[in-house]
Amino acid sequence: MFMEQQRRIFIQNAGLLAATAAIAPNTLWSVNKPQKKLGVALVGLGYYSRDLLAPALQLTKNCELRGIVTGSPEKIPIWQQKYGIKDKNIYNYQNYDEIANNLDIDVIYVVLPPSMHAEYTIRAANAGKHVWCEKPMAPTVADCEAMIKACKDNKVKLAIGYRCQHDPNIQAYMKVGKERPFGKVKMISSAAGYFDGRTNHWKQNKALGGGVMGDMGVYALQGARLATGEEPISVLAQSFTTRPEIYHEVEETMMFQLEFPSGARAACHTSFGIQMNYLQVNYEKGWLKMEPHSSYGGNKGSMSDGTIINFAIENQQAKQMDEDAMAIMNNTDLIVPGEEGLRDIRVVEAIYKSAKKNCLVKL
Ligand code: NAD
């Protein structure tokens, strides 16, 4: 019995060694380093890093905040005092590539305006670090493809910060889309927006990747894509603004229709001019409603058979980062890989084309 156990342990270990030999050197974090958590460096210390990600990284079990990359030196003492970040783990945009030599950092989380996502993801991948990149993945399909390639070439993982796909409430309606207990999807209505009163922000600047479609629009789009489990085959879109003095480079509001291969149709609405956050799906034999459907917490809904969707979730971003860290540690599939970010940007590009040319665009 003892011999058999020993034999099994040997086989397991031999399998583990064979598996680790096939993994890139930078994924051997557990072999090279004694610490149990992955070290994360946040790039860009604006609203989302400061108010959501850094606090969430105090709750995570598989990763922790160890580094920052910033172009604003005045933020450094504040972050060091709050999070005890070591001097050697602080970078600016010029010396960022030197992070390659820093064994404290396993993952770089890009939390910059969208036009900067491709450059900072590719530089992180070339430094041999895994990358988490905020949504929208990048302004163009070409950027997204370059990001995916750089991560593949460097054998590092690329996750997109679609926190909702880690939320059990969103996973519940995705499951309905896959298993179809109410038959095929017939019609979807989804909306995501808030009133943005700022007058001089990158969200109003085209060169920085602004415009509501990439920002809140991807939530309305994801609602339709995830509820059907399909990719759209055509789009028809129209944009407008109620505040041309602020939104003269980019759209404040976008309305878009999607057609899916099964025949399902979606009417989607996104805006920086009004608060809205819901998803409604009509199936052949029932319905599902979520409101809110893309918030940081409290996403909930109901179905025509009486099912209530209302799972408790302690912290969405902490769950997202813990699950992404686990996928890196175990070298398993990510819940939201770069390819999923690219799927959205393909549709976003078609939506812009349709709005500009005022015609149906096939995908
Ligand atoms: P923000 O404007 O508050 O922060 C942007 C940061 O980038 C700032 O620290 C700024 O100094 C830095 N920066 C560097 N170069 C810049 C430049 N040329 N112009 C402007 N800023 C520059 O933005 P944010 O709301 O934190 O958004 C950052 C990213 O996070 C975006 O991709 C956004 O879509 C994403 N985000 C995601 C969620 C989510 O729920 N997943 C929520 C909010 C923001």
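The values are calculated or read from the model by the stated rules, or taken from the named source; none is laboratory data. All of these numbers come straight from a predicted model, not from anything done at the bench. Note that we place each Cβ from the backbone using ideal geometry, even for glycine, and neighbour counts take in every protein chain shown.
Quick one: in the stretch 162-184, of everything that is in a loop (DSSP other than H, G, I, E, B) and within 22 Å of M276 (Cβ to Cβ), which residue is nearest to the ligand (Cβ to nearest atom)?
Taking the stretch 162-184 as the starting set, the residues that turn out to be in a loop (DSSP other than H, G, I, E, B) are 162, 167, 180-184.
Restricting the remaining residues to those that are within 22 Å of M276 (Cβ to Cβ) gives 162, 167.
Working: Y162: 7, D167: 11 Å.
Per the stated criteria, the residue is Y162.
Considering the stretch 301-321 alone, what residues qualify as being surrounded by 17 or more Cβ atoms within 10 Å (Cβ to Cβ) and touching a strand residue (DSSP E or B) at 6+ places or on another chain (Cβ under 6 Å)?
G301, M303, I309, M321
Can you confirm whether M187 is at negative phi, assigned by TED's automatic domain parsing to the domain that holds H293, assigned to a helix (DSSP H, G or I) and out of contact with any Leu (no Cβ under 7 Å at 6 or more places or on another chain)?
No: the conditions fail for M187.
For the stretch 203-214, how many residues meet the condition of being in a loop (DSSP other than H, G, I, E, B) and either crowded, with 24+ Cβ neighbours inside 10 Å or without any contact (Cβ under 8 Å) to a residue 24 or more places away in the chain (or both)?
The qualifying residues number 1.
Here are some conditions: (1) within 16 Å of the ligand (Cβ to nearest atom); (2) charged (D, E, K, R); (3) touching a strand residue (DSSP E or B) at 6+ places or on another chain (Cβ under 7 Å). R265 meets all but one. Which one does it not meet?
Failing condition for R265: (1).
Please tell me if P114 is touching a residue at least 40 places away in the same chain (Cβ under 8 Å) and either within 16 Å of the ligand (Cβ to nearest atom) or more than 24 Å from the chain's Cα centre (by Cα) (or both).
yes
Would you mind stating whether E98 is over 25 Å from Q58 (Cα atoms) and within 12 Å of the ligand (Cβ to nearest atom)?
No; evaluated as a whole, the condition is false for this residue.
Okay, residues lined up against (1) more than 24 Å from the chain's Cα centre (by Cα); (2) more than 20 Å from D322 (Cα to Cα):
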residue: G46; (1), (2): no, yes
residue: R66; (1), (2): no, no
residue: V69; (1), (2): no, yes
residue: I76; (1), (2): yes, yes
residue: Y93; (1), (2): no, yes
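Taking the criterion of being modelled with pLDDT of 95 or more and within 25 Å of E314 (Cα to Cα), would at least one residue in the stretch 92-104 satisfy it? It would help to see each step written out before you state the result.
Of the residues in the stretch 92-104, the ones modelled with pLDDT of 95 or more are 92-104.
Applying the additional criterion that residues be within 25 Å of E314 (Cα to Cα) yields none.
Taking every residue of the stretch 92-104 in turn, none turns out to be modelled with pLDDT of 95 or more and within 25 Å of E314 (Cα to Cα).
Mind listing whichever residues of the stretch 56-84 are touching a residue at least 60 places away in the same chain (Cβ under 8 Å) and either more than 20 Å from L103 (Cα to Cα) or within 11 Å of the ligand (Cβ to nearest atom) (or both)?
First, the residues of the stretch 56-84 that are touching a residue at least 60 places away in the same chain (Cβ under 8 Å): 56-57, 59-63.
Result: A56, L59.
Filter the stretch 159-202 for residues that are among the charged types (D, E, K, R) and within 23 Å of M255 (Cβ to Cβ); which is surrounded by the most Cβ atoms within 10 Å (Cβ to Cβ)?
Selected residue: D196.
Take the residues in the stretch 215-262 that are polar (S, T, N, Q) and within 21 Å of the chain's Cα centre (by Cα); name whichever of them is surrounded by the fewest Cβ atoms within 10 Å (Cβ to Cβ).
Among residues in the stretch 215-262 that are polar (S, T, N, Q) and within 21 Å of the chain's Cα centre (by Cα), the one surrounded by the fewest Cβ atoms within 10 Å (Cβ to Cβ) is T228.
What about A327, is it in contact with a Leu (Cβ under 6 Å, 6 or more places away or on another chain), among the small types (G, A, S) and surrounded by fewer than 20 Cβ atoms within 10 Å (Cβ to Cβ)? First the steps, then the outcome.
Details: in contact with a Leu (Cβ under 6 Å, 6 or more places away or on another chain): yes; among the small types (G, A, S): yes; surrounded by fewer than 20 Cβ atoms within 10 Å (Cβ to Cβ): yes.
Criteria met by A327.
What's the number of the condition V107 fails, among (1) crowded, with 18+ Cβ neighbours inside 10 Å; (2) within 11 Å of the ligand (Cβ to nearest atom)?
(2)
Just name the residue that is farthest from G161 (Cα to Cα) out of those in the stretch 278-300 that are more than 16 Å from the ligand (Cβ to nearest atom) and touching a Leu at 6+ places or on another chain (Cβ under 6 Å).
V281
Which ones in the stretch 241-275 are out of contact with any helix residue (DSSP H, G or I) (no Cβ under 9 Å at 6 or more places or on another chain) and over 18 Å from D344 (Cα atoms)?
Of everything in the stretch 241-275, those that are out of contact with any helix residue (DSSP H, G or I) (no Cβ under 9 Å at 6 or more places or on another chain) and over 18 Å from D344 (Cα atoms) turn out to be T241, T242, R243, P244, E245, G263, I274, Q275.
Please tell me if G338 is farther than 30 Å from G197 by Cβ and in contact with a strand residue (DSSP E or B) (Cβ under 9 Å, 6 or more places away or on another chain).
Against the criterion (farther than 30 Å from G197 by Cβ and in contact with a strand residue (DSSP E or B) (Cβ under 9 Å, 6 or more places away or on another chain)), G338 qualifies.
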